[in-house]
Every structure is written in C-alpha cells, then in structure tokens.
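Here the structure is laid out as structure tokens; the discussion comes afterwards.
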Amino acid sequence: MARGWVLAVAVLLAPAARAEAPSLYLVQTSGWMEPFFTDRTSPFKPLLQALVDASHTGRTLIADFNQDGQVPGHRSPEVVYDGPFAPGPVNAAINGLSLAVRPGGRLADADFDGALARALDTVLDGRPGIVWVVTNNKNSRNNSSEIDRNTRGFAELVRSSPYLPFAAAYPVRMPVTGRQYTERGLIIYAIAYGDDAAAALAGIVDSAPMRALFTDPPFKLKHLDEAPLVFTATDNASALPGGGLLVQGVPPGGTVRVAGALRSEYYPQTIVSADVSLAWAALDGVADPAALPAEVEPPVLSGLASGAQQGGIALVLHTPAVARPPGLAGWFAQSKALNGSLQLRLTNLRMALGADFTAKMGEIAALDQLPDVFADYQKVTAATAVIPVTLLVQFSPAPLIEALALAALAAATLVAALVLATRARRYDVLVEGRKRPFSLRPMQSQMVALADGRCLVVTGRLMGPHRSRVLEAGRKAGR
C-alpha cells in the first residue's frame, strides 16, 4: 500500500510538460544469470545492445540489479550509463556488466520488486519513463523466503499498479552453458511508468526495429480487456486512419450492412469461445446512441488463434433520420457526415495459450515457473474494442429535382409574360365603316383622325381585344 502511494505521488508531481520519456534498462546480474555472462558463445550482451539500439528514446540509462546491500559498495540498481544514446558509450557500458559476487565468493541474490520500485523512485526520480527488465525470472540458489516474496511482489506490482499502465514481456530462447549452471532462455519485460510513457512504449513495441529484433509479438500482461479485435471491412465501407470505418451511401433512417472480417489482437492467446455483440457508443446528433440498434453477425467466435482472421462477419447498423442542413445550401447538399463510434463487445470469453507459444516456452522455462501475472488472461471474461465510424448519409435527389422543376416553371412563366409584354399584336379595328389594321404593343396607343373632326384612339392590351375610344375635337388622348 505504501509503495502504491509513493508511485501515485511521484506521477502526480511529474512535470506537466510532455517530455520524451527516458529509457532505463535493468539487467539482472545475480546467481541464475551466471551462464549468460560466462558462456563464451553467449549472445546475451549483443542482444542487450540490439535491444537498446531498437528501443531507446533519447536519454538512455543502463543499470544492473541484484539484491541491494549484499555486495559492499554496490547499490541495486546501480546505474553504469546515463546520457544520450550513443552506440559507443552504450555498448561499452553493456560490455562492462558482470555478475554480482558477495564476500566469500557466493553469487548475489536478486530482489525484483525492490529493484523496480527503487528504479522508479530513485533512478527515474519519480518521473515518467520506460523500464526494460532483463531477467530469467530466477534468483540465486538457496534464496531466503523473503527474497521469494519479493519476486512475487514484482509480479504483483506490475499487475496491480495503475501507475504502470503498460506492461509486456518478450520470452527469448537463448541456450547457454556456464561454469556452474545451464539455462535455456530469458525474459525481457517492457514496463511504462506514467501515461505518456505508455503511449511511447506502445509505439516502440509496434515499431519496425522491434519487429525485426523479435520474431514474435510481446506477451501483453495488462489490460487484456481492451482492444481484443480489429474489424476490417470488405464491402460497403473503407478504412480510415487509426482503424476507423467510412461507411458511404447510408440511407437516412435506414439500415446498412458492412461485410468484413475480425482479426484477433491477442498474443499468444487463442480465443476458445466468446459471445460477440455490437452497440453504438456515440453518434453525432443522437442523444441516446445506445438505443439505436446495431448487431454483429454471427454473434459468436470460436477457435480464433492469435493474429488470425475470421471472415463472414457483418456489422448491421441502423441509422437515424437525418434532416438536410437548413437554408438554400441544404437543398443542394448530397450527403452529411456523422461521426461516432461503435463498441464491439466480447462476453463469456474463454482463452488458452496457443500451442506454438507453449512449445516455445517449454524450450525456455517451465510454465509453472513464470510469475503469476502471465496467467492473468485466465481471469479475463469480457473485453471491448472501440471502432471509430463516419457515416456518410446520402440524401435523396427527389426534393431538389422538384424544387428545380418549380423554379424552371416559374422562370418560363416570367419569360412568357415578358415576351407578351413587349411583343406587338395585330388588331383589326372598324374605322368609319372600314376595317383598318393596327400593330400595337400592350398599353401602346395610336390615334386616327375621323372625318367629323373627332379622333379615334386605339390601345393595345396584354391579353384580349384592343380598347378604343373617341375623343371630341380639340381634346388630347391623355385627357
């Protein structure tokens, strides 16, 4: 409890500014590590050099650890290099590492729990960082019960501390024979202290240099209930950066079916069986997205190995009724984007270690010798993957076509009226017993003198017959 409080205070007091997390490499130098150091053909130190080269983040620290206080004048962990990454000085520090020997010639024990805690509190000074622990998970022979408890405490600290949000392990085959012991392999732990360090470490373990160094992915030790699967669309959708989906041609208030496959992100576990369900977690303009139906077909998974895909999967998404944007622009809008996210949930989840991993570990160490944290996957019965989604809702063109047709009709009517208003029409007018032709535009008048001195005024009209009137002698047409 006290150690957890110390870690919490350290993280809370870390600088607010995001700086590049340092990389600390803790190398076990106690008894059971003897063959890794004394076998003349041991690839141990070249592996350490390659690890640092592939994973460093700038400031690099190399330190050994055993049991603090057993070797006079030596602290555990003890830093042998602290500075910017440079191959020459880093490799020299690694080549200088040696077994810790107690007075009397006995090899030192190891305190994993204490070494990790002191590395975080003292070496990193309570600031976020990435810690790599290189060990074969064993202590020297004839360890005391206290040292055994500390070894178990290391696993418990990694498992339960919320301030170590990312932890993974790389089992490595490495058969070596020393002067005293023979070993078959070791384990490299990758542990992040603080959220910023966790984000950096997640990128490092997925980087090309690390994938080139280790043929298998790391064994994830924490948060196995997060991101268990990845959905890849094969129809009606395309991929977006960050694992999202762009679903096009979505009908408002309708249903769209996205075909694809599910890939397991677990390693080295096989999903023996699980129920699968789908739900909206968020969607633009929807106050209660969970009430909007969403299904996955089929609703079960079985026998899905690590990294394997199961095809024939369909996401059935019910979409909300979506109104066009307001204003004139809305009439011309062809689509509207809705951003949201789906939750793909696994329940009644059962997992087992893959046969390949079991065989590999059998070449390194007995499974029952691994820390309990390696078996935590057995406690995971539910997991959730979040899928970012953008729906491109397609509007029907019918309202726009109707609006354009009405506008065209109005325009045609207006043009016809203008033509009628400006075109001259022929009128046959009876003048003193004879028909005379007049060509008049609407409201245009023409005056004809009569034999008795009066005048006949003929006026054209927009529609219908002309209008005529007789003016007495001496009067003008406008009076």
Which one is nearest to Thr57 (Cα to Cα) among residues in the stretch 164-206 that are hydroxyl-bearing (Ser, Thr, Tyr) and either out of contact with any strand residue (DSSP E or B) (no Cβ under 7 Å at 6 or more places or on another chain) or surrounded by fewer than 22 Cβ atoms within 10 Å (Cβ to Cβ) (or both)?
-> Tyr170
From the list Ala383, Ala359, Ala355, which one is surrounded by 13 or more Cβ atoms within 10 Å (Cβ to Cβ) and of a type in the set (Gly, Ala, Ser)?
-> Ala383
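Each row is one residue, and each column tells you yes or no for (1) at pLDDT below 95; (2) surrounded by 17 or more Cβ atoms within 10 Å (Cβ to Cβ); (3) of a type outside the set (Val, Ile, Thr); (4) in a loop (DSSP other than H, G, I, E, B).
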position	(1), (2), (3), (4)
Ala16	yes, no, yes, yes
Ala21	yes, yes, yes, yes
Met33	yes, yes, yes, no
Leu48	no, yes, yes, no
Looking only at the stretch 212-226, which residues are assigned to a helix (DSSP H, G or I) and crowded, with 18+ Cβ neighbours inside 10 Å?
-> none
Would you tally the residues in the stretch 101-118 being in contact with an Asp or Glu (Cβ under 9 Å, 6 or more places away or on another chain) and within 15 Å of Tyr181 (Cβ to Cβ)?
-> 1
Kindly provide the set of residues from the stretch 82-135 that are within 24 Å of Trp32 (Cβ to Cβ), over 34 Å from the mean Cα position of the chain (by Cα) and either in a strand (DSSP E or B) or without any contact (Cβ under 8 Å) to a residue 12 or more places away in the chain (or both), ordered by number.
-> Val101, Gly104, Gly105, Leu107
Considering the stretch 231-256 alone, what residues qualify as being surrounded by fewer than 13 Cβ atoms within 10 Å (Cβ to Cβ) and not in a strand (DSSP E or B)?
-> Pro241, Gly242, Gly253
When every residue in the stretch 69-90 that is among the β-branched types (Val, Ile, Thr) and at pLDDT 95 or above is compared, the one farthest from Pro103 (Cα to Cα) is Val90
If you check Asp64 against the conditions, is it touching a Lys or Arg at 6+ places or on another chain (Cβ under 8 Å) and surrounded by 14 or more Cβ atoms within 10 Å (Cβ to Cβ)?
-> no
Looking at (1) crowded, with 23+ Cβ neighbours inside 10 Å; (2) modelled with pLDDT of 95 or more; (3) not aliphatic (A, V, I, L, M), which is the only condition Pro209 fails?
-> (1)
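The values are calculated or read from the model by the stated rules, or taken from the named source; none is laboratory data. Because the structure is predicted, anything quoted here is derived from the model rather than measured. Because the Cβ atoms are built from the backbone with ideal geometry, glycine has one as well, and the counts that use them run over all protein chains shown.
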